[in-house]
Amino acid sequence: MEVSQFRPECIEDDRLLALRAMSARRRRAGGIRIVPITLAVLNLFVCGWREDAFRTGHGSSDLSWLVLAETIAMLALMLAASVREFHPLLDRAEHAGLPGSRKFAFLFIEFVTDFRLIALGASFGFAAMVSVHFQMPATSAILAAAACWWGVMIASGSALILLARSSGTSLESIAIAGGISLFLLLTLPPVALAERVIQALPVSGWTAWTMTAAAAGNTGDAALWLIPSLAFGAACALCARTRG
């Protein structure tokens, strides 16, 4: 690699490290918080209350509703963290001329290491494993589905934040539009139609199909249902890297 090609990449990496250092200082300044632990305990209670959803059989809509609720909670945490913690840092990144790929990498890494999101994903995955009584290979398949859901949601949430900023759309308006859409989905259509829509939703619906297949012992079907979720996450990442 020529020096002229190497130096800009080094500069971009240094800017990314500087952003991560500023974010780390912000977290340390906040001290020890009990939010992640509280979130994990509450989520375990919710998943335990709906434990039967993991074992209702292939094609059931019960798990789709539970995964949708987990997805909404995760997106809400990411949007709130972006508004409160990461927007000032992203403003600095834009002023410094950091490209979309590095901004996406910054957000993705910060969310992956966010204890609140880790608590939510870990408690959901643990509840899913308990529901199948740690029986192999169902346990491995359902854990892979939970991990895939968690990673894809972080990638798609990071992409949503960057694309909203690049288009000048506020995250508050996105949250309001999402809430109205969910309300209309739950109230206006017939119940049967709403359930079919919930089961077909990107990521959440696909994850529910993956988990129900895994719980039923159909690990091959579960692996196939992972493909659209992974493809969706990759498409979101690519879009954020090029347009963010």
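The values are calculated or read from the model by the stated rules, or taken from the named source; none is laboratory data. This structure is a prediction, so every number in the text was calculated from the model and none was measured. Don't worry about glycine lacking a Cβ; one is built from the backbone with ideal geometry, like all the others, and counts go over all protein chains shown. These accessible areas exclude ligands, DNA and RNA; they are computed on the full protein's heavy atoms, side chains included. Shrake-Rupley method; radii C 1.70, N 1.55, O 1.52, S 1.80 Å.
Local charge for residue 166 was computed over the other residues whose Cβ lies under 11 Å away, with Lys and Arg +1 and Asp and Glu -1, and equals +2.
Summed over all non-identical Cα pairs, the Kirkwood treatment of the stretch 66-128 gives a radius of 12.9 Å. Percent of Cα pairs in the stretch 149-190 per distance bin of 10 Å, from zero to the largest separation: 26, 38, 31, 5. Computed over the stretch 179-244, the percent of Cα pairs more than 21 Å apart is 43.
At an R0 of 25 angstrom, the distance between the Cβ atoms of residue 231 and residue 112 translates into a FRET efficiency of 0.80.
On a per residue basis, the stretch 167-233 carries 52 Å² of accessible surface, using protein heavy atoms and a 1.4 Å probe.
In whole angstrom, the stretch 123-244 maps to an equivalent ellipsoid with semi-axes of 28, 20, 12, each derived as √(5λ) from the alpha carbon gyration tensor and ordered largest first. Between residue 221 and residue 177, the contour length at 0.36 nm per residue exceeds the alpha carbon distance by 12.5 nm. Among the protein heavy atoms of the stretch 83-240, carbon and sulfur supply 71% of the accessible surface, probe 1.4 Å, non-protein parts ignored.
Per residue, the accessible area of the stretch 60-126 comes to 37 Å² when a 1.4 Å probe rolls over the protein heavy atoms.
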